[in-house]
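A.B. asks: If you scroll down you'll find the structure; I have some questions about it.
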Amino acid sequence: MTWTVGDVMTREVVTIEPDTSFKACADLMRIHGVSGLPVVSQNRLAGIVTEADLMRRMAGDGAVAPRFARDVMTHDVVTIGQSATVAAAARLMTERHVKRLPVVDAGKRVVGIVSRGDVLRVFLRSDESIRKEVAHGILDEMPLLGRGRVQVDVRDGVVRLQGEVDNGNLTNLLVRLIAGVPGVVGVENRMSLPAAVVSEPRSASSGSRARA
């Protein structure tokens, strides 16, 4: 399973309108325990007001006191779709230096919001939850490795693989798939090919040369 933004986002989003007062913005953040409020105009995302936006205006020279959300909001909002992966959301937040991403649909309507905390929560999965996803969600879909012959152990987010596999060419793919499982912090590959499989290519090659 690849976790998406839709799996972790907050769906009940506190939004405001451009003419919401400065004080109301601050009050809503305090009451709901949020640090950002998407600004919606005609059901579409128009901007976002964050704690940082409010603090910058409060620290200004006071020549023009902000009255409404439209006076302080950020217009160039970094957004994401709910089908994007959690890893993609984490990269976007890091690259754009933002703490949250409004989640929008194709019509720029706000359908949720995802925060750093939502993204990090994925990595709080238990070892047993990760083990089950690897064993049943990935290995069961790769019968060419030899069903039931790979043992999976997970400790502190590190997946350890042991056993003999029938197809060594698939082991690198398996390791990459497991590394992408939410909550996995490392993969230790201790799998090996049966001795008969390792020696078989040489004997077949020798026979071919003998016939030539």
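A.B. asks: Consider only pairs whose beta carbons are under 6 Å apart and that are at least six residues apart or on different chains; among these, list those whose first residue lies in segment 53-71 and is farther than 18 Å from Ile16 by Cα and in the same structural domain as Ala24 (by TED's automatic domain parsing) and whose second residue is modelled with pLDDT under 80 and not in a loop (DSSP other than H, G, I, E, B).
C.D. replies: none
A.B. asks: Can you give me the ranges of the helices (runs of 4 or more DSSP H) entirely in segment 127-212 with at least 2 residues that are at pLDDT 75 or above and surrounded by 15 or more Cβ atoms within 10 Å (Cβ to Cβ)?
C.D. replies: Passing ranges, in order: 127-132, 171-179.
A.B. asks: Are any of the residues in segment 48-59 within 18 Å of Pro182 (Cα to Cα) and charged (D, E, K, R)?
C.D. replies: No, the conditions are met nowhere in segment 48-59.
A quick yes/no check of all residues on (1) without any contact (Cβ under 8 Å) to a residue 40 or more places away in the chain; (2) among the charged types (D, E, K, R); (3) in the same structural domain as Gln42 (by TED's automatic domain parsing); (4) within 30 Å of Gly47 (Cα to Cα):
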{"residue": "Val111", "(1), (2), (3), (4)": "no, no, yes, yes"}
{"residue": "Val114", "(1), (2), (3), (4)": "no, no, yes, yes"}
{"residue": "Ile130", "(1), (2), (3), (4)": "no, no, no, no"}
{"residue": "Glu141", "(1), (2), (3), (4)": "yes, yes, no, no"}
{"residue": "Gln162", "(1), (2), (3), (4)": "yes, no, no, no"}
{"residue": "Thr171", "(1), (2), (3), (4)": "yes, no, no, no"}
{"residue": "Leu177", "(1), (2), (3), (4)": "yes, no, no, no"}
{"residue": "Asn189", "(1), (2), (3), (4)": "yes, no, no, no"}
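The values are calculated or read from the model by the stated rules, or taken from the named source; none is laboratory data. Everything numeric in this text was worked out from a predicted model, so none of it was measured. Backbone-built Cβ (ideal geometry, glycine too); neighbour counts: all protein chains shown.
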